[in-house]
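The values are calculated or read from the model by the stated rules, or taken from the named source; none is laboratory data. The shown structure was predicted, so the numbers you read here are calculated from the model rather than taken from an experiment. FYI the Cβ positions are ideal-geometry reconstructions off the backbone, even for glycines, and counts take in every protein chain you see.
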Amino acid sequence: MWGRQREALSMYKRLSSRDHSTVMDVEENSALLQNSMDVESTNPSWRLSFPHVLVATISSFLFGYHLGVVNEPLESISLDLGFSGNTLAEGLVVSTCLGGALIGSLFSGWIADGVGRRRAFQLCAVPMIIGASMSATTKNLVGMLIGRFLVGTGMGLGPPVAALYVTEVSPASVRGTFGSFIQIATCLGLMGALFIGIPVKDIAGWWRICFWVSTIPAGLLAFAMMFCAESPHWLYKQGRSAEAEAEFERLLGGSHVKYAMLELSKFDRGDDADTVKLSELLYGCHFRVVFIGSTLFALQQLSGINAVFYFSSSVFKSAGVPSDLANVFIGVANLTGSIIAMLLMDKLGRKVLLLWSFFGMVNIILLTNFLLESPFMYK
C-alpha cells in the first residue's frame, strides 16, 4: 500500500508545471461534474427561460406577418398607388422585402457576435418600424418599395438571431420544443396578416392600417428585450464569466449554474468556429453540413410555399374560391403542421420528422397536379 503511494507521489513530482495544471483542471472539473450529477438528474424548469424565448419569437412573428401582409391588400395597394395591372410593379412590392432580407441575413451573424443577441433584436426592430411606417404613409410606388426593403432587412436579421438565442437560453430537455416556437410564431404572424387583410375590400385605405399594425409588435420587441437575459454563451466568449453565471441563474435556476458553466467551458475549449475559413464551408470538412442544411431550406422554398403566401388571394379568385376563407385554411394548415412538429420534435428526433414531412410534401404536390389535370375538376 505504502509502495503504491510513494510511486504515485514520485510520478506527481515528475510532472511539469503545465501537466500539473492540466491534472488540477481535470480534477476540479471532475469534482464539479460529480457534485452536479444529482442536480442534473432533474432537468431545469422550462418556466424560467420561457418568457425570454417568447419575446425572441416576436421577430419570427414579424417575419411571418410581413410575408403575408400584401397578400389580400395587393389589389387595393396597386389601385391607390397607381400601378394597377402592372404585374412587374406588383411583383416588386411582394419581393423587394426578400432582397432586404438577403442583406439582413448576410450581416446577422456578424451583428449578433459583435453587439450581443439582445441588441441585435433591437436593431432588427428599427428598420421594421421605419419601413412599415413608410409603406403605410407612402403616396407612390417608390416609397412603398423603399419601405418594403427596409422591412426586409429586419426580416433577414431577426429570425437567424432568434434561432441562435433560443438555442442558447433554453434547457436541453426542451430545446427542440422551444425551437419549434420560432416556426409557430411565423405561422401566427402569417395568419394575423391574412385575418387583418380581410376588411380591405370594404374599407378604403385599410391596407395602410395593415402596415401600421406591424409597428406594435416591433416596438414591443425592442422594449421587451431590455428586460430579457443576454445569451450566456455570448457573455462567456466576451470574457464576462460572472455575468454569464448570473444569466444562467435567471434562465435555469441557481442549482444548475455550475454544471451549465462547466458544459460551456468544455464546449468553448473544443470550439474552433473562430478558425473556420469560408473555403472550408464550400469544399472543406464542413461542406457536408452546410450542403445538407442549405438543401433542406432550398427544397422548402422550391415546393412553392412562398407563392402560396404571396399570391393565394389572386389564385383563389381566379379559381372562383372566396379568398378570405381559403387564406384562413392555409394559415390553419400551416399552424397545425408546426404544432405537430413541436409535440414530436423531442420524442422522434429531427431526422424522422424531416423525412416524413418531405415525403408528405411530395405526395401532396403530385396529388394536386393530378387533380388539376383531371377533367372531373372542371365538370
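Here is how the numbers come out for the structure above:
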{"read-out": "Where a residue in segment 328-352 is free of Cβ contacts under 8 Å to residues at least 60 places away in the same chain and its partner, wherever it lies, is part of a helix (DSSP H, G or I), with Cβ under 7 Å and at least six apart", "value": "Leu344/Leu353"}
{"read-out": "Residue selected from segment 36-79 under the condition under 27 Å from the mean Cα position of the chain (by Cα) and of a type in the set (Gly, Ala, Ser), by the criterion modelled with the lowest pLDDT", "value": "Ser45"}
{"read-out": "Matching option when the condition is modelled with pLDDT of 70 or more, of a type in the set (Lys, Arg) and over 20 Å from the mean Cα position of the chain (by Cα), among Lys277, Lys266", "value": "Lys266"}
{"read-out": "Count of residues meeting criterion [among the basic types (Lys, Arg) and closer than 12 Å to Glu72 by Cα] in segment 161-219", "value": "1"}
{"read-out": "So Ala136, is it modelled with pLDDT under 95, surrounded by fewer than 24 Cβ atoms within 10 Å (Cβ to Cβ) and either of a type in the set (Ser, Thr, Tyr) or at negative phi (or both)", "value": "no"}
{"read-out": "Selected residue [of a type outside the set (S, T, N, Q), outside the structural domain of Leu252 (by TED's automatic domain parsing) and modelled with pLDDT of 95 or more] from Leu150, Leu164", "value": "Leu150"}
